[in-house]
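Reviewing the structure listed below.
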Amino acid sequence: MKSEQPILSIIIVNTNDERFLIPCLQSLMQFENSLSKEVIIVDNHSRNDIQILLGEKFPDVSVIKLEYNAGFCKANNIGLRAAKGKYVLLLNPDTILNSNCISSCIEYFETHSNEHIGAVGCRLNNVKGDLQKSFYWGAATMLHTLQTNPFYIKLFGYRIKKKFQQRDEQWFSQISKVDWLCGAFLMMERETVIEKSFYLDEDIFLYSDDVVFGNLIRRNGYSVIYYPVTSITHLGGGGTDVSIKKFEQIMISDWLCMMKIHGKFYFLANQILLFENIFLNEMFFKKQILFHHAVVKDLREKILRKKTWGLWKKYTFIILFQYKRKNSSSGKMLKYHA
């Protein structure tokens, strides 16, 4: 017998995130149990058998097991193509529902059906209940590189950076059209996804994919809506102090994202400025060592600067000559290899 189309397909990509996955599914059962839905877990070759872990608690959850780590983007696309719901939700396993936030976002779609909405995302909170930024102005631009230039800092200090932060905070307090949203919670209409090929860029292994995705949606005449009326808890991400372990992949994905959105000449200009920053900041560090005492922050920045220079040498020309701007057009993922 042919089953009815569910209202929603929830796609969760799991890569050894089992400690988060079970609480996430439990919160779905608690707050959205009556919602007509299917849950699809795309497992990126995790160490443990997901189906054994799920046991009998979640019999309706579908699992797509991959024989290799396909990355965040490709795994989500596999889930999107398998989905049958009227709406699709990309949901990170490290999220916890606190209310009927999914139903609330569906209702927003239903009441704004003629407004060419490409994606909707709710407010993200950290474990303390404080706001976690799910977007910020200046992503995939030269702004961050400019703000780390010592001459720029000397001329402008952090006044302009503070201005941008205040602008972001205003956006976080109201329903807004934004450039992009964090992929931890992102809802779309499946028909629009299929019709407009709203799939994540598989050239990107992990990180910055949501910025490129937002650009793809807006370039096709659709809007990305930040909907803070409802919220979820996001256990991961959102921090400003990035661990060195993740630093390499974040950096090269950000560069690829910049090239995808703004083109090769813009990306090359960024890399030239970044080269200048590395050189100047190293000179200022040596001066600091010579005349003063270096603090822990100075030493950490030196480590990150050294790593950045290594990535610059290894990946700048790979991105320039081996990757294309078109979505998923290069046939390979940009994955950091030590």
Determine if the stretch 272-295 includes at least one residue that is exposed (fewer than 14 other Cβ atoms within 10 Å of the Cβ) and modelled with pLDDT of 95 or more.
yes
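To keep it simple, each residue is scored yes or no on (1) touching a Pro at 6+ places or on another chain (Cβ under 6 Å); (2) at pLDDT 90 or above; (3) surrounded by 14 or more Cβ atoms within 10 Å (Cβ to Cβ).
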site	(1), (2), (3)
N48	no, no, no
L53	no, no, yes
K57	no, no, no
R81	no, yes, no
S104	no, yes, yes
G121	no, yes, yes
N125	no, yes, yes
Evaluation of K177 against (1) in contact with a strand residue (DSSP E or B) (Cβ under 6 Å, 6 or more places away or on another chain); (2) crowded, with 16+ Cβ neighbours inside 10 Å; (3) under 22 Å from S208 (Cα atoms); (4) modelled with pLDDT of 90 or more (one fails), failing number:
(2)
Six or more apart or on different chains, Cβ atoms under 7 Å: show the pairs whose first residue is in the stretch 207-235 and modelled with pLDDT of 95 or more and whose second is basic (K, R) and surrounded by 20 or more Cβ atoms within 10 Å (Cβ to Cβ).
V212/K260
Pairs please, first residue from the stretch 8-35 and touching a residue at least 60 places away in the same chain (Cβ under 8 Å), second anywhere and part of a helix (DSSP H, G or I) and of a type in the set (K, R), Cβ atoms under 8 Å, 6+ apart in sequence or on different chains.
S9/R190
Return only the number of the condition from (1) modelled with pLDDT of 95 or more; (2) surrounded by fewer than 17 Cβ atoms within 10 Å (Cβ to Cβ); (3) of a type outside the set (A, V, I, L, M, F, W, C) that N77 does not satisfy.
(2)
Every residue from the stretch 90-110 that is touching a Cys at 6+ places or on another chain (Cβ under 8 Å) and within 15 Å of I7 (Cα to Cα):
C101, S104, C105
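With respect to E67, determine if the residue is out of contact with any strand residue (DSSP E or B) (no Cβ under 9 Å at 6 or more places or on another chain) and within 26 Å of Q249 (Cβ to Cβ).
On the way: out of contact with any strand residue (DSSP E or B) (no Cβ under 9 Å at 6 or more places or on another chain): yes; within 26 Å of Q249 (Cβ to Cβ): yes.
Answer is yes for this residue.
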Could you go through the stretch 180-197 and let me know if any residue there is buried (at least 18 other Cβ atoms within 10 Å of the Cβ), closer than 13 Å to A139 by Cβ and without any contact (Cβ under 8 Å) to a residue 60 or more places away in the chain.
yes
Residues within the stretch 10-38 that are closer than 20 Å to E56 by Cβ, of a type in the set (V, I, T) and either at pLDDT below 90 or surrounded by fewer than 18 Cβ atoms within 10 Å (Cβ to Cβ) (or both), tallied:
1
Residues (in contact with a Ser or Thr (Cβ under 6 Å, 6 or more places away or on another chain) and among the aliphatic types (A, V, I, L, M)) located in the stretch 72-103:
A83, V88, I96, L97
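The values are calculated or read from the model by the stated rules, or taken from the named source; none is laboratory data. Note that the structure is predicted; figures quoted are calculated from it, not measured. Note that each Cβ is placed from the backbone with ideal geometry, even for glycine, and that neighbours are counted across all protein chains shown.
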